[in-house]
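Structure incoming, see below.
The values are calculated or read from the model by the stated rules, or taken from the named source; none is laboratory data. The shown structure was predicted, so the numbers you read here are calculated from the model rather than taken from an experiment. Glycine also receives a Cβ, built like all others from the backbone with ideal geometry; neighbour counts cover every protein chain displayed.
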Amino acid sequence: MRKLLVIILMSLALLFVQSCENSCSINRKIKLITGNTWEINSYINYSVNIEMSISPEIYNFDTDGHYTKVRENDTLIGKWNFVDCNYLKMGSQTFKIAELSRKMMVLRYGDVDFVYRKIE
């Protein structure tokens, strides 16, 4: 009887740990994205294993689901939202969130990683 109880408790504990690891806090991600101004000036294309430089772009994400992109003298306004916990949609493109922290955001589109850095 004790062995059965131990097995049941261990199974429940494993389920709890696994569900905690898979949980996602969209509110935390929203705070990270909207709480920073982001700059991108290069991307990494893994299909040819090369980093490509681009003209710097500045991104501001608003909590109302709009973003502003500034590149040289051009400004673009678009919409953004989470498709689910790990995917960010900007305009008509959906990116996998490869990394998101207070200082860096990496958005993946196929074999390409777009690396955004927080502007200090």
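Looking at Thr75, Thr68, can you tell me which residue is at pLDDT 95 or above, out of contact with any helix residue (DSSP H, G or I) (no Cβ under 7 Å at 6 or more places or on another chain), of a type in the set (S, T, N, Q) and surrounded by 14 or more Cβ atoms within 10 Å (Cβ to Cβ)?
Step by step, each of Thr75, Thr68 is checked, and only Thr68 is at pLDDT 95 or above, out of contact with any helix residue (DSSP H, G or I) (no Cβ under 7 Å at 6 or more places or on another chain), of a type in the set (S, T, N, Q) and surrounded by 14 or more Cβ atoms within 10 Å (Cβ to Cβ).
Check Arg102 against each of (1) without any contact (Cβ under 8 Å) to a residue 40 or more places away in the chain; (2) exposed (fewer than 11 other Cβ atoms within 10 Å of the Cβ); (3) not aromatic (Phe, Trp, Tyr) and name the one condition it does not meet.
So Arg102 meets the others, but not (1).
Any chance you could count how many residues in region 5-57 are among the aliphatic types (A, V, I, L, M), at pLDDT 90 or above and assigned to a helix (DSSP H, G or I)?
4
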